[in-house]
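Read-outs throughout are calculated quantities, based only on the coordinates presented, and are distinct from any laboratory measurement. Nothing here was measured: the structure is a model prediction, and the numbers come from that model. Positions of Cβ are generated from backbone atoms using ideal geometry, with glycine treated the same way; all protein chains shown enter the neighbour counts.
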Amino acid sequence: MPVLSPSWHDVRGELPYNGCVRSRWLVVALAVAGCDSIWRLDTVALPIDASADAAPDAAPPCTSFGPWSAPTIIAATNSSVPEESPALSPDGRVVVFQRKTVSGDWDLAYALREGNDFTNAQTVPGLNTSDDDEEPFWSADGNTLYFIRSTGQHPGTAVMEAAYASGQFDTPVPSMDFTQFAYIERPNIAPSSLELAYYNDTVANLYVAIRPSPTGRWTPGTSPLAISSSVADFNPVFVGDGNTLYFTSRRAPGPDGSANPTGQRFIWQATRSDSQHPFGNVTGVDTSGVMEVDGATVSRDGTLMLFTGYPNSQEDIYMMTRQCLGT
């Protein structure tokens with residue numbers, strides 16, 4: 001059982017809490033020749049002192065926001081190699097992401113959040129291999145981190161899981177949570193644990209799977225969401241209470257009204273009144289200054305967004321913040 005070392009401590013000097021991992025292409029079938037399997041990273045709750053101040057995302061839910069700030073690159077997570085696909089934990093304390101290695105594969109790394117900044121990023125011992133370990137997503141309670149292990153031959157991938165307790169990770173083992181999907185990429189679990197947003201790369205459309213309980217079996221979506229377009233829509237993520245969905249799209253016109261003739265990727269949002277109604281009201285998210293963007297992750301309180309940016313043909317991780325104007 002590999003141990004995370006060093007352990008990172010809260011700025012108040014309280015109990016340590018350790019980083020986790022992340023991952024990428026996600027196709028699911030049975031683990032037979034030529035097929036894909038899914039794995040999951042189960043963690044017990046991050047060991048933070050219960051007497052400590054509330055976690056960054058423990059405030060009452062916000063219902064009104066100011067505008068997003070201009071995007072800025074996150075120094076702690078960026079280096080001379082590409083980094084992408086950030087995933088914030090539900091409590092907002094940890095971001096996991098993938099980083100390209102000198103040998104050319106992707107490894108999982110993490111950084112800890114301090115306010116709207118992040119501390120030194122490190123790879124996660126014991127979970128990375130010579131294959132691509134990439135594209136993470138969390139369970140709604142933050143006790144499970146899923147990631148993808150790929151042989152580099154898309155869509156030859158496997159979703160992994162590893163148990164975490166007392167600063168230690170078990171060896172990853174196959175997860176059976178997604179074997180009913182013929183094809184699934186970049187899933188994201190809603191705060192209710194009852195919905196799973198994902199996209200199907202064979203048609204580049206957005207879908208939502210449902211289940212009857214937090215431990216029930218997923219029923220894959222049979223039709224694309226109504227907000228899907230005739231061009232590539234991908235990387236959906238639930239925001240806040242789950243009634244806002246951020247996603248990446250090459251649709252035109254762009255968020256600023258431009259024709260978007262080259263099909264650049266931008267972040268869009270859609271809203272709904274509740275889970276019984278469809279998503280609609282699609283509007284663009286202003287990420288001005290970054291030429292092309294992808295893969296947003298938003299804190300549960302809705303005031304912090306991280307995303308992958310491609311300003312100079314290399315993936316880096318950016319962040320934007322906004323104020324809560326009312327709860």
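Some observations on this one:
- Label-point separation, THR222 to VAL102 (7 Å along Cα→Cβ), nm: 5.4
- Sorted ascending by nearby beta carbons within 10 Å, beginning with the fewest, VAL96, VAL208 become VAL208, VAL96.
- Between THR171 and GLN276, the contour length at 0.36 nm per residue exceeds the alpha carbon distance by 33.9 nm.
- Annotation: peptides 242-248, 221-227, ranked by per-residue average of other Cβ atoms within 10 Å with the highest first, follow the order 242-248, 221-227.
- Site pair ASN116 and SER229 shows an inter-label distance of 2.8 nm when each label is modelled 7 Å from Cα along Cα→Cβ.
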